[in-house]
Amino acid sequence: MTDAPLSLQDFTSLLSQFHGEAAPAIDAASDADALEAVRTKYLGRAHGWLKDLSAKLGQLEKTDRAAAGAAFNEVRLRVEATLETRRVALTPARVAGALADPTMPARRQWTGAVHPVTQVIDEMIEIFRELGFTVALGPEAESPWYNFGSLNFPADHPAMDLHDTLYLADDLVLRTHTSPVQTRTLQGYAPPIRVLIPGNVHRRDPFDASHAPTFAQVEGLVVDEGITFADLKATLTHFANRFFGKTKTRFRPSYFPFTEPSAEMDVLCGVCHGSGCGVCKQSGWIEILGSGLVHPAVLESSGVDSEKYTGWAFGMGPARTALARHGIPDIRLLYDSDVRFLGQFAK
Ligand code: PHE
């Protein structure tokens, strides 16, 4: 069976039908995906309508083919141009112009950094990890027994005035120090114990140059047979030299209900190296931490035999340490979260 030859007139009317449908369909495409679908339908190399038309060229009389081919190419170019115009219109970078400028500087990528207080905590954990300490955590909302009672604060004793306590309910306080986690650790684990306890604590203090109502503490606790004050002194002196670089330390007698004897440790001021400056208030020394031998009553309130075991503990404020280390005059600069300031200490 042979097909009847196609007349030139029929072929050109098929061409104009094609153009009449394809051009508005292209202009109506609302996004790149829609445009691609339209392109495939009309201009697709495999099954597009234009492909069908090109096949029909072969059904024309030989004498008509040159004219038909020219008409075919003209329509093809017009539809392809319409397609290209639409593609450009749908490309936002080209429309915006400036965005396509490859010489424009890239926008600087925002990168975060570890907060100077967290840097102190991380370094402490690292130094004490080498000595066999692990990290322990406890809740910030505590019962008064954990925060005070278990730590040998006598009920209603003025010693509690040392800590201006924020009560959440009659029997629930925001912990005023990380020491209640000493009790939780002693209850949960048998000696030998060597833990570091970082965490936030809260006091009803004004927010001024040297106080923040919420601040970080790092507690340390060691309990074993035969622990003495020499262990405390040696370990904390080692820590100070690792943390501050070779330095001098001194221990001053102090008082805490949960340690006996108690001592505060000072390190030589890193800013003036002992000659006296604004950071150390002309004393040449910076107070770093409170410490002492664990009071036997603390061991007993957690069910640890104080005849068999002894221990030592310390508590320090990493924000104060960060201030001393960087010579920062006001603790609010650390806790105000102004990244323009804090970014200077990025490592
Ligand atoms: N808990 C004490 C404070 O907040 C610090 C401390 C901890 C002192 C452990 C001695 C032993 O001031």
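What to note about this one:
- Rounded to the nearest whole Hz, the Karplus-based 3J(HN,Hα) values (6.51 cos²θ - 1.76 cosθ + 1.60, θ = phi - 60°) of region 112-120 follow the sequence x, 8, 6, 4, x, 5, 5, 4, 4, with x at glycine and proline.
- Using 0.36 nm per residue and subtracting the Cα-Cα separation, the extra length available between Thr111 and Glu21 on full extension is 27.1 nm.
- Kirkwood-based Rg to Rh ratio, region 116-345, C-alpha trace: 0.95
- Principal axis box of region 245-296, alpha-carbon based, largest edge first, Å: 40, 22, 11
- Its DSSP H runs of at least 4 residues, each contributing -39,500 (n - 2.57), put the calculated 222 nm mean residue ellipticity of the chain at -12000 deg cm²/dmol, to the nearest 500.
- Rounded Å value of the spacing that divides the Cα centres of region 244-282 and region 18-82: 87 Å
- Gyration tensor over the Cα atoms of region 8-99: the corresponding equivalent ellipsoid has semi-axes (square roots of 5 times the eigenvalues, largest first) of 30, 12, 10 Å.
Laboratory data are not the source of any read-out in this text; all were calculated from the coordinates shown. Because the structure is a prediction, the values reported are computed rather than measured.
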